[in-house]
1. Name the residues in region 49-76 that are out of contact with any Asp or Glu (no Cβ under 8 Å at 6 or more places or on another chain) and surrounded by 12 or more Cβ atoms within 10 Å (Cβ to Cβ), would you?
2. All but one of (1) within 13 Å of the ligand (Cβ to nearest atom); (2) closer than 20 Å to Arg115 by Cα hold for Val70, so report the exception by its number.
3. What residue, among those in region 33-62 that are among the acidic types (Asp, Glu) and within 12 Å of the ligand (Cβ to nearest atom), is nearest to Ala77 (Cα to Cα)?
4. Give me the residue from region 86-108 that is at pLDDT 85 or above and not in a helix (DSSP H, G or I) and, out of that set, farthest from Gln175 (Cα to Cα).
5. Hey, does region 109-130 have a residue that's touching a Phe, Trp or Tyr at 6+ places or on another chain (Cβ under 8 Å), part of a helix (DSSP H, G or I), within 30 Å of Val27 (Cβ to Cβ) and at pLDDT 70 or above?
6. I'd like the residue in region 1-32 that is among the charged types (D, E, K, R) and within 12 Å of the ligand (Cβ to nearest atom) and, out of all such residues, is surrounded by the most Cβ atoms within 10 Å (Cβ to Cβ).
7. Taking the stated definitions as given, is Glu174 within 23 Å of Ala107 (Cα to Cα), at pLDDT below 90, in a helix (DSSP H, G or I) and of a type in the set (D, E, K, R)?
8. Could you run through region 190-202 and say how many residues are touching a strand residue (DSSP E or B) at 6+ places or on another chain (Cβ under 7 Å) and open to solvent by less than 50 Å² (accessible area, probe 1.4 Å)?
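The values are calculated or read from the model by the stated rules, or taken from the named source; none is laboratory data. Everything numeric here is computed off the predicted structure, so don't read it as measured data. Positions of Cβ are backbone-derived with ideal geometry, glycine not excepted, and every protein chain shown enters the neighbour counts. Heads up: the accessible areas ignore ligands, DNA and RNA and are worked out on the full protein's heavy atoms, side chains in. Shrake-Rupley method; radii C 1.70, N 1.55, O 1.52, S 1.80 Å.
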Amino acid sequence: MRILLVEDDEPVAQSLRRGLKRYGFEVDWVATGAAALAHAGPYDVVLLDLGLPDTDGLDVCRALRGRGDVPIIVISARSDETDRVVGLELGADDYVTKPFGVREVIARIRAVMRRAQPRTTDDAGGADRYGSRLTIDRRAARVRVDGEEVALAPKEYDLLAFLTEEPGALMSREQIMEAVWDANWFGPTKTLDVHVAALRRKFAGVLAVEAVRGVGFRLEIVQDAEAS
Ligand code: CA
């Protein structure tokens, strides 16, 4: 996924770019509104700082929205309450407030991408469907296989919810520990293996959690003959 980052504050831009790259996003960074509007693309999401040196970020937002429906996430300083409201009125999809962590930005990116490309949902309403057998209702934190609820420990659910955000994507042990256990995890990750083993056991034949040696894990949906 490619992100256009429009931010004139170099330390903020660099740290965001590094963080996003660690999570597998490609980032094109520009520091002015003019450069943002001149960027030929393609990109999947725009992260747009409102305080730019050459143009008002809100004008950039309006111009980008006028061109198409690429998701726009506005970056605003805490004091700019009005900017945020106007940004959303001008067609921004979401906003983050400075200071923010990279995980918060990634959560917003994933959320706007989900809205841009809605998954197949269950007839029962609200649940995400994976393959022909598994559904995850993220609002209710309920997981079903063939319509039967699967009992999960809280961290088993969190791990499953995280890995199913992007089936097929390779997630490093550090990314998983950071997202599911603690933002600043530097210790041993044996507890992760224990939880992966539990998911493999509970979702045998439905999900495969492949270990990639020295890196992390990759979750795949097992497609049965009927589904493929
Ligand atoms: Ca700025």
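1. Those that are out of contact with any Asp or Glu (no Cβ under 8 Å at 6 or more places or on another chain) and surrounded by 12 or more Cβ atoms within 10 Å (Cβ to Cβ): Asp54, Thr55, Asp56, Asp59, Val60, Cys61, Arg62, Ala63, Leu64, Arg65.
2. If we test Val70 against (1) within 13 Å of the ligand (Cβ to nearest atom); (2) closer than 20 Å to Arg115 by Cα, just (1) comes out false.
3. Asp49
4. Step one: list which residues in region 86-108 are at pLDDT 85 or above, which gives 92-96, 105-106, 108.
Still in the running and not in a helix (DSSP H, G or I): 92-96.
On the way: Ala92: 28, Asp93: 26, Asp94: 24, Tyr95: 23, Val96: 21 Å.
Among those residues, the one meeting the criterion is Ala92.
5. The answer is yes, given that some residue of region 109-130 is touching a Phe, Trp or Tyr at 6+ places or on another chain (Cβ under 8 Å), part of a helix (DSSP H, G or I), within 30 Å of Val27 (Cβ to Cβ) and at pLDDT 70 or above.
6. By that ranking, first place goes to Glu7.
7. Considered against the rule, which asks whether it is within 23 Å of Ala107 (Cα to Cα), at pLDDT below 90, in a helix (DSSP H, G or I) and of a type in the set (D, E, K, R), Glu174 comes out as yes.
8. Going through region 190-202 one residue at a time, the tally reaches 2.
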